[in-house]
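The values are calculated or read from the model by the stated rules, or taken from the named source; none is laboratory data. Just so it is clear, the structure is predicted and the values come from calculations on it, not from any experiment. A quick note on method: Cβ atoms are made from the backbone with ideal geometry, for glycine too, and the neighbour counts reach across all protein chains shown. Ligands, DNA and RNA are excluded from the accessible area calculation, which covers all protein heavy atoms including side chains. Shrake-Rupley method; radii C 1.70, N 1.55, O 1.52, S 1.80 Å.
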Amino acid sequence: MRKIIVSMSLLLAAATAAQAKDSGLAYVSSEKDHAITLIDLKTLAVVGTIPTCKRPRHMQRLAGDTQLMVACSDSGRADFIDLASRRSVGGMPFGEDPEVFDVSPDGASAYVSAEDDGALNVFDLRSRTQRGSVPIGKEPEGVKVSADGKRIYVTSEVANMVHVVDAATLQVVRSIAVGKRPRRLAFNADGSELWVTNELGASVSIISVADFALRATLVFELKGMRADDITPVGLTLSRDGKTMYVGLGRANHVAFVDVASRKTRELVLVGKRAWGLGLNRDGSRLFVVNGLSDDMTVVDTASAKPIKTIPVGRVPHTVVLDD
């Protein structure tokens, strides 16, 4: 009997872990509601909310995909959400006004932009303590770790630069001038290029990772719209590596950019201030968080057409998919 009970316990644990990893949900942080909205990815309907700390912004799944880490700017903390129970299971100090972060490939470290401090703060996720801070340009935001974990790239909105930090020494090894008010970053498929959105430059800068040279600047244009109203922020790469999706902010569109030719091939109308982007597992649907219309637009990537717009709470920031 004892063996049967133990076996049943193991089966239940395995089932819970599988549910946590592939819950079929999208998670959207709401800055004003201090909560995370849950959307069923099959029905595209809201199915619940999870309370969290104050002003949740950037989110990312941790190694093992059983927890979601949330940066809460007004609390100065990270919240850990268990994806199986859909509840907070603890937190840790995350520095003053944390916004965007990235996690090392081994899941041991979190690199967090500290806008007020003009620094990249480094945290040990195992001990849940801060282990370093790297002074960089004013108002850092976007953070991206290289695939090998050796470099961290950080945007500085005021300095108009991308700072390259050595992960071993926590020293800035290069500062690269890009466009005006750089925000977020994404690698191309083989990691040889770093794409950087320039919010006040209506553009994307493309940097060669090999020599840190600026290879190209892509300027976005929309008919009947001023350059000042085109404010790119979020971006993400398609699953086949051929298309970079770029949210154009106050232009209320998402650009489908051909990576090889570096040309915009589609412009898709979404909600107000297209901000954070997420892509489902097979790349068939793009999820666009609209910060000023308090909703999220789901776009069919094959046809470049919106499918549905879903209310997701006040001032949504980031979407994370668990499909």
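Expressed as a whole number of Å, what is the distance separating the alpha-carbon centroids of segment 91-117 and segment 206-237?
25
Check which residues have an amide H placed less than 5 Å from residue 285's amide H, if you skip close sequence neighbours.
280, 301
At 1.4 Å probe size, with no ligands or nucleic acids counted, give the accessible surface of residue 310 in Å², nearest ten.
Here the residue's solvent-accessible area equals roughly 10 Å².
Out of segment 204-234, which trypsin sites (Lys or Arg not before Pro) are coil in DSSP terms and have no more than 15 other C-beta atoms within 10 Å?
Numbers: sites: 215, 223, 226; in loops: 223, 226.
Filter output for segment 204-234: 223, 226.
Using alpha-carbon positions, what is the distance between the centroids of segment 251-276 and segment 279-323, in Å?
13
Based on alpha-carbon atoms only, what is the radius of gyration of segment 18-142 relative to the globular estimate 2.2 N^0.38 Å? Display every interim value, and only then the final one.
Numbers: Rg = 14.5 Å, N = 125, 2.2 N^0.38 = 13.8 Å.
Normalised Rg, Cα atoms only: 1.05.
Please list, in order along segment 63-79, the HN-Hα scalar couplings obtained from phi with the Karplus expression 6.51 cos²θ - 1.76 cosθ + 1.60 (θ = phi - 60°), rounded to whole Hz, x for Gly and Pro.
Residue by residue, segment 63-79 yields 4, x, 6, 9, 9, 10, 9, 10, 8, 10, 5, 6, 8, x, 9, 10, 10 Hz.
Order 58, 34 by their accessible area, 1.4 angstrom probe, all chains in place, largest first. The partial results should precede the final answer.
Working: 58 30, 34 70 Å².
So, going from the largest accessible area down, we get 34, 58.
Considering Cα pairs under 8 angstrom that are at least six residues apart, work out the relative contact order of the chain and quote it in whole percent.
On the way: 936 pairs, mean separation 38.5, N = 323.
Computed over the chain, the figure is 12 percent.
Quick one: putting +1 on the C-beta of Lys and Arg, -1 on the C-beta of Asp and Glu, what dipole do you get for segment 69-210 around its Cα centre, in Debye to the nearest 20?
On the way: 15 positive and 20 negative charges, 43 e Å.
Value, rounded to 20: 200 debye.
Would you mind working out the magnitude of the charge dipole of segment 205-323 relative to its Cα centre, with +1 at each Lys and Arg C-beta and -1 at each Asp and Glu C-beta, to the nearest 20 Debye?
Working: 16 positive and 13 negative charges, 47 e Å.
So the magnitude is around 220 debye.
Kindly state, as a whole number, the per residue volume in cubic angstrom of the convex hull around the alpha carbon atoms of segment 242-323.
Each residue corresponds to 81 Å³ of Cα convex hull volume.
Could you please state how large a percent of the accessible area of segment 119-236 is carbon and sulfur, counting protein chains only and using a 1.4 Å probe?
Details: 2410 of 5140 Å².
It is 47 percent, rounded to a whole number.
Taking the convex hull of the alpha carbon atoms in the chain, what volume per residue do you get, in Å³?
Convex hull volume per residue, Cα atoms: 136 Å³.
Of 136, 152, 119, which is farthest on the positive side of the dipole of segment 118-159, counting Cα position, with +1 on Lys and Arg Cβ, -1 on Asp and Glu Cβ, and the Cα centre as origin?
So the residue we want is 152.
Which percent of the accessible area of segment 40-94 is formed by carbon and sulfur heavy atoms (probe 1.4 angstrom)? Don't skip to the answer; put the middle values down first.
Values: 1120 of 2410 Å².
Carbon with sulfur: 46 percent of the solvent-accessible area.
Might you tell me the accessible area per residue for the chain, computed with a 1.4 Å probe and given in Å²? List each step's numbers first, then the result.
Values: 14080 Å² over 323 residues.
On a per-residue basis, 44 Å².
Quick one: plug the Kirkwood hydrodynamic radius of segment 102-216 (C-alpha pairs) into Stokes-Einstein at 4 °C, 1.567 mPa s, and report D in µm²/s. Walk me through the intermediate numbers first.
Numbers: Rh = 13.9 Å.
Estimated via Stokes-Einstein, D reaches 93 µm²/s.
Binning at 10 angstrom from zero up to the longest distance, how are the C-alpha pair distances of segment 165-262 distributed in percent?
Values per bin, smallest distances first: 16, 48, 28, 7, 1.
Of 306, 269, 291, which is farthest along the charge dipole of segment 257-308 in the positive direction, counting Lys and Arg as +1 and Asp and Glu as -1 at C-beta?
Among 306, 269, 291, the one farthest towards the positive end of the dipole of segment 257-308 is 269.
Of the trypsin sites (Lys or Arg not before Pro) in segment 278-318, which ones lie in a loop per DSSP and count no more than 12 other C-beta atoms within 10 Å? List each step's numbers first, then the result.
On the way: sites: 281, 285, 308, 314; in loops: 281, 314.
Passing both the DSSP loop test and the Cβ count: 281.
Quick one: which residues, 5 or more positions from residue 252 or on another chain, have an amide H under 5 Å from its amide H? H modelled 1.01 Å from N in the peptide plane, none for Pro or chain starts.
Result for residue 252 returns 273, 274.
About the Cα centre, and with charges only on the beta carbon of Lys, Arg (+1) and Asp, Glu (-1), how big is the dipole of segment 196-267? Nearest 20 debye, please. Please report the intermediate quantities before stating the final value.
Numbers: 9 positive and 8 negative charges, 35 e Å.
Charge dipole of segment 196-267: 160 debye, to the nearest 20.
Taking a ≥ b ≥ c as the square roots of the Cα gyration tensor eigenvalues, with a/c under 1.5 meaning rounded and otherwise prolate when a/b beats b/c, else oblate, which class fits segment 71-110?
Values: a/c = 2.27, a/b = 1.12, b/c = 2.02.
Oblate, because a/c is 1.5 or more while a/b does not exceed b/c.
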